[in-house]
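The values are calculated or read from the model by the stated rules, or taken from the named source; none is laboratory data. Note that the coordinates shown come from a computational prediction; the quantities given were computed from them, not determined experimentally. Please note: Cβ atoms are built from the backbone with ideal geometry, for glycine as well, and neighbour counts cover all protein chains shown. Heavy atoms of the whole protein, side chains included, go into the accessibility calculation; ligands, DNA and RNA do not. Shrake-Rupley method; radii C 1.70, N 1.55, O 1.52, S 1.80 Å.
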Amino acid sequence: RLRVSLRASLYNLTADGAARLLANGTGLSRVQLSQALSGRGSTCLAQQLLYASLTSLGAALTLDSLDVSAPGQRGRPAGWSRPLRASLGGAFAERLVAELNAEIAGTLRRLWAPSCPPRVPSRPSIVDFRNTSGPAAPFARARATVDAYGAAGVDRFVRRVLPSGELRMARLLDVLLTDELLGRISVRLDGLHVRGLDSLFDLDVLRPDSDDGHLLHHRVGLGGNGSGGGRNGSLQLRLGAAVRFGRAAAHEYEVLVRVRSAVLKLGTRLVLDSGTFLATTFGELVASLGSCLLCDVVGLDLAANGTSLRAQASDGLELEVTPRGQSRAAVLAG
C-alpha cells in the first residue's frame, strides 16, 4: 500500500444551474404560524410545493497546479503547474441532474406523507413568561442559552469577531430634516470609536418576575474585567456630532462616554397575545408587514421599579462634550 499526498490549487470556480418549481400559493398563504412552527411544520410547507426539479447544472474551474508526493520522497513532488481548464457538462452533467432529481422527488414524498396539524382558532391568550413550555418556550430557551454562555461567552465571541474589542465607523448618520419653525436641520454623526466591547460582566436577560408573569428583568455589567475578562477594563465610546440650523454655521462637538463597572438593569413589561399571533396565516403576515406587524403585542413598556443604572463608588459613568477645536467644555461624573 502506497500513501500519497495530493495538493491542488484551484481558481475561477463558477457554477450555474436552473430549476423548475410549482407551488400552491393560495395554500401556502393559508398556512398558520402555529402549523409552520409545530414539529411537522416542514410537512405543512412541503405539501404546498407540488413539483420541484433541476433542469440544468454546470460548473467550470481552472486547475492552477497539482502536486503529488509520497512519504520519504526526495526532490520536488511530481505534477504540473500549467493552468488546466475543466468543466462539468455533457453526459456526466445529465446523469448528475437525474440523480439529484431522484433525491429531490424522494425527499418531497417523505415530507408529504405525514399529515399537517389542524388549524387552531384565533383565541386571545396572553403569554405568562414564568412558564417554560407553550408560547413562552422560545423565551425560556433563549434565557437558558444566555445562562450557558454568560458574559464570558459574549466577550469571547466579540474578541473572535473584533480581536481588539474595538469598533470604528467613519460615518454613522447623516440626515436632513425640515421643520416649519426652524427650517432645514442637518444632523451628522461620524468618527465612531468604541473600545472595550469585550468588557461585559454580570449578564442576565429575560428573567421573569416571580409575581408578575408579564414582567421581564434584564441585567448587564458594562466596563469591567470580572467574569467577562475584558482587556480594556472599561467601555468607552467616542464620536463626533454636528448640527446645523438653516444656513448658519454648524455646531460641532466631540462626545466621549466612559463606563467603568456599571450595572444596567432594565425591567420590561411585555403583554403578548400568542393565541392571535399563532393563528395568523402567512398571507395575513405578509399583508401586515407594512401596517401592523406588532399588532399582537398588546403592551410593551419599561417598568420604573425595575430599571436603573448603578455604578460602584470608585468607578462610574463619565460624559464629556467638547466643541471641536476648543478646550474641554463639560464633564459629568457619577
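Once both labels are positioned 7 Å from their Cα atoms along Cα-to-Cβ, the gap between TYR51 and LEU181 label points is 6.6 nm. Report note on the peptides 163-175, 53-65: ranked by the mean count of other C-beta atoms within 10 Å, highest first, their order is 53-65, 163-175. Per residue, the accessible area of segment 124-279 comes to 55 Å², computed with a 1.4 Å probe over protein heavy atoms only. Considering the options PHE157, ALA98, TRP112, tell which one lies farthest towards the positive end of the dipole of segment 82-204, charges being +1 on Lys and Arg and -1 on Asp and Glu at the Cβ, about the Cα centre. Selected residue: ALA98.
Projected onto planes of every orientation and averaged, the convex hull of the alpha-carbon atoms in segment 88-163 covers 11.6 nm². What the pair-distance distribution of segment 233-277 shows, using all Cα-Cα distances binned every 10 Å from zero, is 18, 22, 20, 22, 17, 2 percent. FRET efficiency for the pair ARG156 and VAL257, taken as 1/(1 + (r/R0)^6) with r the Cβ-Cβ distance and R0 = 41 Å, rounds to 0.95.
Determine the dipole magnitude for segment 150-262: charges of +1 sit on the beta-carbon of Lys and Arg, -1 on that of Asp and Glu, nothing else is charged, the reference point is the Cα centre, and the result goes in debye to the nearest 20.
Values: 16 positive and 14 negative charges, 130 e Å.
It comes to approximately 620 debye.
Quote the charge dipole size of segment 81-140 about the Cα centre in Debye, to the nearest 20; the model charges only the Cβ of Lys and Arg (+1) and of Asp and Glu (-1). Show your work: numbers first, answer last.
Details: 8 positive and 4 negative charges, 15 e Å.
Its charge dipole is roughly 80 debye.
For the pair PHE245 and VAL286, the difference between a 0.36 nm per residue extended length and the Cα-Cα distance amounts to 10.7 nm. Packing order of peptides 181-189, 24-32, highest average first: 24-32, 181-189 (average count of other Cβ atoms within 10 Å over each peptide's residues). When you work out D = kT/(6 pi eta Rh) for segment 132-213 at 37 °C and 0.692 mPa s, using the Kirkwood radius from C-alpha pairs as Rh and the Stokes-Einstein form, the result is 198 µm²/s. For segment 148-192, carbon and sulfur atoms together expose 60% of the accessible surface, with a 1.4 angstrom probe and every protein chain in place.
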